[in-house]
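Report on the structure given below.
The values are calculated or read from the model by the stated rules, or taken from the named source; none is laboratory data. Fair warning: this is a prediction, and the values are worked out from it, not measured in the lab. Backbone-built Cβ (ideal geometry, glycine too); neighbour counts: all protein chains shown.
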Amino acid sequence: MDDMDKRLFVGIKISPKLQRELDNCPRRAEHYFKENRPESLEIVTLGEEKLIGRFLQDGFPVSDIDNVSRNVRSIVSLITQGYRLAEDSVRIYADSKVRAALAV
């Protein structure tokens, strides 16, 4: 497999509790993850797991990874009206099997 097939994804595993929060988010918050915009988060699958976060562009500066982590946590908190996430809940995934989830 060619390494260029892989993309880095920064995100959080969606637990059953987080999934309930996402399913019941206010309509005004849906644009944070249900629209196809660069600033929106994406829900993707990796094997059996669902993740919420964002893909990084090729050549993304390493110095900005911390900003992406804070941004993902902040947006998830906005969507879920305060769902608490630990700082270490945001992870980086590099796998060609990370795929956009089917529209809900």
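A few comments on the model shown:
- Selection of segment 22-59 for residues being assigned to a helix (DSSP H, G or I) and among the basic types (Lys, Arg) yields ARG27, ARG28.
- Candidate set: segment 44-95, residues that are small (Gly, Ala, Ser) and in contact (Cβ under 8 Å) with a residue 60 or more places away in the chain; chosen: the one surrounded by the most Cβ atoms within 10 Å (Cβ to Cβ): SER89
- Looking across segment 61-103, just one residue is modelled with pLDDT of 90 or more, under 27 Å from GLU48 (Cβ atoms) and part of a loop (DSSP other than H, G, I, E, B), and that is VAL90.
- Just one residue in the set LEU18, LEU41, LEU22 is touching a helix residue (DSSP H, G or I) at 6+ places or on another chain (Cβ under 6 Å), modelled with pLDDT of 90 or more and either under 17 Å from ARG73 (Cβ atoms) or surrounded by fewer than 10 Cβ atoms within 10 Å (Cβ to Cβ) (or both); that residue is LEU41.
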